[in-house]
Amino acid sequence: MQPSVLEGTWEEIMLHAQELAGKRIRLILLSEEEHNQTDSVSPNTPLLKALDEIAQRQQTRRETSTEGSQEILRQAREGGLYGNESG
C-alpha cells in the first residue's frame, strides 16, 4: 500500500486531524528553500512532464495498422493464440 502524503502548512495539516487520529505519521519539516520550490511547482507538473516525454517518444515510432485487430482479439478470446482452440 502506497503511503499517503500530505504537504502544507501546519494549519493545513491540522485540517486532517480527525482522519489522522490514532494513526502513525511521519512529519518532515521542509527548509525554507524546499518550501519555496514546492510553492512554484504545480501539482500537475510531474504528470504533464511525463505526458510530454511519452508524446516525444511516440513521434519516432511508426504507426501500426489496426486492420485485422478484431480478428486477432476474437482468436485470442477463443484460445487460438495458445493452442486451445475449441473448434
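The values are calculated or read from the model by the stated rules, or taken from the named source; none is laboratory data. Given the structure is predicted, the values throughout are model-derived calculations rather than measurements. Neighbour counts are summed over all protein chains in view; Cβ atoms, including those assigned to glycine, are modelled from backbone coordinates with ideal geometry.
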Q. If you scan the range 1-24, which residues turn out to be closer than 22 Å to Pro43 by Cα and part of a loop (DSSP other than H, G, I, E, B)?
A. Met1, Gln2, Pro3, Ser4, Val5, Leu6, Glu7, Gly8, Thr9, Leu15, His16
Q) His16 passes all but one of (1) at pLDDT 85 or above; (2) touching a helix residue (DSSP H, G or I) at 6+ places or on another chain (Cβ under 7 Å); which number fails? A) (2)
Q) Condition test on Asp39, is it modelled with pLDDT under 80 and of a type in the set (Asp, Glu)? A) yes
